[in-house]
């Protein structure tokens with residue numbers, strides 16, 4: 001059989017296309033895993049905030065300036081951000097054990113006696 005340079009180049013080209021496809025698929029999979037982990041962290045931090053607020057209603061109503069609470073290995077910081085006749089505002093910082101940090105604003109509506117998150 002007669003050998004020529006075209007078949008060698010064609011084999012290299014097909015191999016290169018295969019390698020690029022595999023690397024691209026791997027990158028997409030890794031990105032998807034990172035996004036799912038970030039979403040799980042966000043839901044966990046939000047859930048911990050919701051659980052913590054029910055324990056701290058008396059502190060929030062008393063407009064305590066700052067306080068800290070721990071749930072398992074997560075730490076929640078409440079910083080008083082201001083108040084008006086209608087609401088009391090706190091900035092909350094939640095730090096999970098894996099380093100994820102979430103900042104939320106919590107509003108206590110004085111008239112309706114309800115919380116709102118922003």
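None of the figures in this text is laboratory data; all of them are computed from the coordinates on show. Because the structure is a prediction, the values reported are computed rather than measured. Cβ sites come from the backbone with ideal geometry, for glycine too, and all protein chains shown count toward neighbours.
Taking Cα atoms only, the orientation of helix 5-55 departs from the longest principal axis of the chain by about 10 degrees.
If you take the alpha carbon atoms of the range 72-118 and fit the smallest convex hull around them, that volume is 66 Å³ per residue. What the Cβ-Cβ distance of residue 11 and residue 37 gives, at R0 = 35 Å and to the nearest 0.05, is a FRET efficiency of 0.35. Computed from the Cβ-Cβ distance with R0 of 35 Å, the FRET efficiency linking residue 20 to residue 101 stands at 0.45. Tell me, rounded to the nearest percent, the portion of alpha carbon pairs in the range 5-117 spaced more than 23 Å apart. Tail of P(r) above 23 Å: 49 percent of Cα pairs.
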